[in-house]
Amino acid sequence: MRYEATMPSRKTVTSASSGLWMKSLKHLVVFSSLCCLISGYSERERVHDLMSRYPLIDGHNDLALQLRILHNNRLSQIDLHNVSKVATDITRLQAGHVQAQMFAVYVLCGAQEKDAVRLTLEQIDVVRRMCTEYQDLELVTSAQELRNSEMRHKIACLISIEGGHSIDSSLPALRMFYQLGVRSMTLTHTCNTPWAESSSKIYNVYQRQNNSLTHFGKAVVEEMNRLGMIVDLSHTSWDTAWAALKHSKAPVIFSHSSSFSICSHDRNVPDWLLHDLKKNQGLIMVNLHSKFISCSDEANISRVADHFDHIKNVIGAESIGIGGDFEGAVSFPQGLEDVSKYPALIQELLQRNWTENELADVLRRNFLRVFEEVERVRDRLSLNRPSEVQISVEEVQNPCRLVLRPPDPRRPSDISPSSRAQNGPKGLLILVILLMLSSLLMIE
């Protein structure tokens, strides 16, 4: 037998080797696909497990505003489990593991010198109604009630006034809002008030120099501390925020603001102010609006996570929360289009090596810590009498404000429209009679 006959040809060896390589490659591809599938499933399950144990407290949502715009606050016309044309309803809150929602009661700055207080009362009314008429929702006014609502598997509703113009520069009005359940207030919205300065330049009102938080503004902060109402600095100018941080005895929050270092928008918070927030033991709740995330109308989850990473590097995860700003803005990052998508953000942060303990803080424990400390400060100030500080007429400059005094018949401004009609010139009556007579003659 020839030796050569027992040896496989080069072609046979190559062919067998190639076949083995292809088979191994197929196995590798299948194995890799299975690993990816299992890994992805595990990540989703991990997020679900984490958010089930530590469901989200969201610092800002403007659903009440959309209910006014779209339905004129007629709750009878809608089912809050499934609401069209918005990003928030009960079904999606549950899907997003949102256990507590700070609902903003917001009225336009144009109402500042008009009917802001009435409009704010109407917005409080619609939040109170929706959170008491639906069994899945529960109105809460304390940190303990918030904890209790989680045990009852309810979505807790907190009420926040968005814009100090809602109190019409009145501490008694502020106190009455507290009695109605308000537990937080932003000092400004997009307009200055007579006592605090906004980050926005949209409205050219109450312009001041080197006085971003006036004497009355400090009295507002003090009274909020005494009541146990959270001071919210989103929308304020940096100078106002700094002054409030220095003056407040309790921790403060930015309920829906992001990092200025990542996106240089005036609504975001610079690093130097974050350091002061850290000293105050306060909280910045990251806003998801694309304009504040990427400084453009388009953004993605990765860019949102950049804000979280940066703030954590500057002041630590214990100072961070989430304040989505859904219903208050028009564009949101791809993958975070509504309140049901929060798990996608948490998954991104897990992939960036955030620990579950850090994320538990971000999801709810940080806010509970701040809320409880605000209540402890309230308790320490319980012997203080309600503030009687008043703002001067010159500071308010509001023509609609009534100055209490006895009416003077000699002053036209003190006579009501009905009185002026009754005391009008007799010539007007004569003119009316003549017109009626001429009409009769023309008919004849």
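Just so it is clear, none of the values below were taken in a lab; they were calculated from the coordinates. Values in this document were obtained by computation on a predicted structure and should not be read as measured data. No Cβ is skipped: glycine too gets one built from the backbone with ideal geometry, and neighbour counts run over all protein chains shown.
At what distance in nm do the modelled label points of residue 403 and residue 44 sit from each other, each positioned 7 Å from its Cα along Cα→Cβ?
With each label placed 7 Å out from Cα toward Cβ, I get 6.9 nm.
Given a cut-off of 26 Å, name the pairs among 279/312; 114/278; 85/341 whose C-alpha atoms lie farther apart than that in the structure shown. Walk me through the numbers on the way to the answer.
Numbers: 279/312 15 Å; 114/278 38 Å; 85/341 16 Å.
Beyond 26 Å: 114/278.
On a full-extension model of 0.36 nm per residue, what is the gain between residue 379 and residue 266, subtracting their alpha-carbon distance, rounded to one decimal in nm? Mind dumping the intermediate values first?
Working: separation 113, 0.36 × 113 = 40.68 nm, distance 3.51 nm.
Gain in length upon complete extension: 37.2 nm.
Please work out the ratio of the alpha-carbon Rg of region 57-382 to 2.2 N^0.38 Å and round it to two decimals.
Details: Rg = 18.0 Å, N = 326, 2.2 N^0.38 = 19.8 Å.
Compared with the compact-globule rule of thumb, region 57-382 sits at 0.91.
Suppose each label sits 7 Å from its Cα in the direction of the beta carbon; what would the residue 153-residue 208 distance come out to in nanometres?
5.1
Return the inverse of the average 1/r over all pairs of distinct C-alpha atoms in region 55-173, which is the Kirkwood hydrodynamic radius, in Å to one decimal.
Working: mean 1/r = 0.0676 Å⁻¹.
Kirkwood radius, region 55-173: 14.8 Å.
Based on the Cα gyration tensor of region 47-98, what are the three equivalent ellipsoid semi-axes, each the root of five times an eigenvalue, rounded to whole Å and given largest first?
26, 11, 7
Convex hull over the Cα atoms of region 224-303, averaged projected area in nm²?
Values: hull surface 20.6 nm².
Answer in nm², one decimal: 5.1.
Evaluate the distance, in nm, between pseudo-label points positioned 7 Å from the Cα of residue 351 and of residue 394 along their respective Cα→Cβ axes.
It is 6.1 nm.
If you place +1 on the Cβ of every Lys and Arg and -1 on the Cβ of every Asp and Glu, how big does the dipole about the Cα centre of region 57-382 come out, in debye to the nearest 20? Each step should come with its number before you reach the end.
On the way: 33 positive and 40 negative charges, 129 e Å.
The dipole magnitude comes to about 620 debye.
With an 8 Å cut-off on Cα pairs and a minimum separation of 6 or more residues, tell me the relative contact order of region 57-382 in percent. Write out the running numbers ahead of the final one.
Details: 662 pairs, mean separation 58.5, N = 326.
Taking the mean separation of contacting Cα pairs over the length of region 57-382, I get 18 percent.
Could you order peptides 60-68, 44-52, 340-348 by the average number of other Cβ atoms within 10 Å of their residues, highest first? Please report the intermediate quantities before stating the final value.
Numbers: 60-68: 23.3, 44-52: 15.0, 340-348: 21.4.
Put in order of decreasing packing, that is 60-68, 340-348, 44-52.
What residues from region 167-191 fall in the zone where the backbone N is under 19 Å from a label point 7 Å along the Cα-to-C-beta line of residue 145?
174-186
Quick one: which residues, 5 or more positions from residue 326 or on another chain, have an amide H under 5 Å from its amide H? H modelled 1.01 Å from N in the peptide plane, none for Pro or chain starts.
62
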